[in-house]
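Participant: The following block contains the structure, expressed as structure tokens.
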Amino acid sequence: MAKKIALVGIVFVIAAGVMFMMMRRSRMMNAGSYSSGGLVAVTADGTAIPVPPALAAASKLPENTALQEAGGLLIALGISPYPPSGTQATSFEVSLSDANGQAVSDATISLDLTMPAMPMPPNQLEMTAGQAGKYQASGYFTMRGLWRIEVIITRGGQNQSVFYYVGL
């Protein structure tokens, strides 16, 4: 009898955990309508950031790129292949420009890839500076689901983070 009670308890705990994860994922997915493969600029709490109308009109972004303004910088994140896959390396490119549209090449950038609904080991990438304010890195999404990409920009001794969501 004690074994049956213990088994029922274990099943209950597992079921409760699965339901909690599904509810949490549902809340996150509804926060910004992140479809499979969609790349969206978000705030630190996961709220979608619309592209400012002046930028939207001036820039015809491909679907594998999302854009946001922060700290006087325009930050564009692009990923390839698109939609991303957990089975092959993903190339990341961050383009930085200032408020005047001039390329910013004096920053150090790293990425932190996490799954908001899952405890995951660290998945951090250091980006390599290229030409004209472009920074590159390559890495892996380790499983399907909703991923948060934190772009950590260090410039002039100051750190700043911006966030993006992408669904696999």
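Participant: Since F92 meets every condition but one in (1) more than 13 Å from the chain's Cα centre (by Cα); (2) among the aromatic types (F, W, Y); (3) at pLDDT 95 or above, which condition does it not meet?
Facilitator: F92 satisfies all of (1) more than 13 Å from the chain's Cα centre (by Cα); (2) among the aromatic types (F, W, Y); (3) at pLDDT 95 or above except (1).
Participant: Kindly indicate which of G46, G78 is buried (at least 18 other Cβ atoms within 10 Å of the Cβ), modelled with pLDDT of 95 or more and of a type outside the set (S, T, N, Q).
Facilitator: On the way: G46 fails: modelled with pLDDT of 95 or more.
So the residue among G46, G78 that is buried (at least 18 other Cβ atoms within 10 Å of the Cβ), modelled with pLDDT of 95 or more and of a type outside the set (S, T, N, Q) is G78.
Participant: Scan region 116-129 for residues that are in a loop (DSSP other than H, G, I, E, B) and touching a residue at least 12 places away in the same chain (Cβ under 8 Å) and report the count.
Facilitator: The qualifying residues number 6.
Participant: Looking only at region 51-65, decide whether some residue is closer than 15 Å to V151 by Cα, assigned to a strand (DSSP E or B) and modelled with pLDDT of 90 or more.
Facilitator: Keep residues of region 51-65 that are closer than 15 Å to V151 by Cα, which gives 65.
Now drop any that are not assigned to a strand (DSSP E or B), which leaves 65.
From what is left, the residues that are modelled with pLDDT of 90 or more are 65.
Yes, because at least one residue in region 51-65 is closer than 15 Å to V151 by Cα, assigned to a strand (DSSP E or B) and modelled with pLDDT of 90 or more.
Participant: Does T154 count as touching a Pro at 6+ places or on another chain (Cβ under 9 Å) and in contact (Cβ under 8 Å) with a residue 24 or more places away in the chain? Steps first, answer last, please.
Facilitator: Numbers: touching a Pro at 6+ places or on another chain (Cβ under 9 Å): no; in contact (Cβ under 8 Å) with a residue 24 or more places away in the chain: yes.
No; evaluated as a whole, the condition is false for this residue.
The values are calculated or read from the model by the stated rules, or taken from the named source; none is laboratory data. All of these numbers come straight from a predicted model, not from anything done at the bench. Please note: Cβ atoms are built from the backbone with ideal geometry, for glycine as well, and neighbour counts cover all protein chains shown.
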